[in-house]
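These notes are about the structure you will find just below.
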Amino acid sequence: KSLKLANNKLDGTIDFNSFYQLQDLEYIDISQNDLHGKVDVLLSPAIKHLDMSKNKLSSMSPFKRFKRSQQSLEVLDLSYNQIHQDISEMLENVPPNLKEFLVMGNDIHGTLPNPLPIMDSLERFIVKENNIRGQIPDISRS
């Protein structure tokens, strides 16, 4: 149920299609490597925890409602990569059970949607150390 490959010297891009075949994989930690490219965070049908922080990832694929993992993902950590993407694009179709959205230390830009998407389960939303501009959005409905 878990895959831990953190703090190695893994490099290149990841074939995310192979992960989707792992039906019971819930916990993935591939942090602190040298991986690059676009990341599909809904890479396994049962994924609950995905840590790909401290790599060289450049962007995140949009959340897709039709994937089973849209309902299971609870923790997403893409901190300290090289993600150059608009924050509003990253927050479209946020998984309903997402508790932690951690993307600090990237090159994420744009303005936060106002109001923020409804994220009933959210406990930690950390987007510091990016290039996000504008006003603080209405969070009363989030």
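Quick notes
- In region 59-84, the residues that are open to solvent by less than 10 Å² (accessible area, probe 1.4 Å) and assigned to a loop (DSSP other than H, G, I, E, B): 63, 73, 78, 79, 83
- On the stretch given as region 86-118, residues that are open to solvent by 10 Å² or more (accessible area, probe 1.4 Å), part of a loop (DSSP other than H, G, I, E, B) and of a type outside the set (Lys, Arg) total 16.
- When residues of region 119-138 are limited to those that are in contact with a Phe, Trp or Tyr (Cβ under 9 Å, 6 or more places away or on another chain) and open to solvent by 40 Å² or more (accessible area, probe 1.4 Å), the one farthest from residue 55 (Cα to Cα): 122
- Residue check, residue 39 of a type outside the set (Lys, Arg), farther than 23 Å from residue 23 by Cβ and crowded, with 18+ Cβ neighbours inside 10 Å: no
- Test result for residue 56, closer than 26 Å to residue 114 by Cβ, open to solvent by 30 Å² or more (accessible area, probe 1.4 Å) and free of Cβ contacts under 8 Å to residues at least 60 places away in the same chain: no
The values are calculated or read from the model by the stated rules, or taken from the named source; none is laboratory data. Small disclaimer: the values here were computed from a predicted structure and weren't measured. Because the Cβ atoms are built from the backbone with ideal geometry, glycine has one as well, and the counts that use them run over all protein chains shown. Side chains included, ligands, DNA and RNA excluded: accessible areas come from the protein's heavy atoms. Shrake-Rupley method; radii C 1.70, N 1.55, O 1.52, S 1.80 Å.
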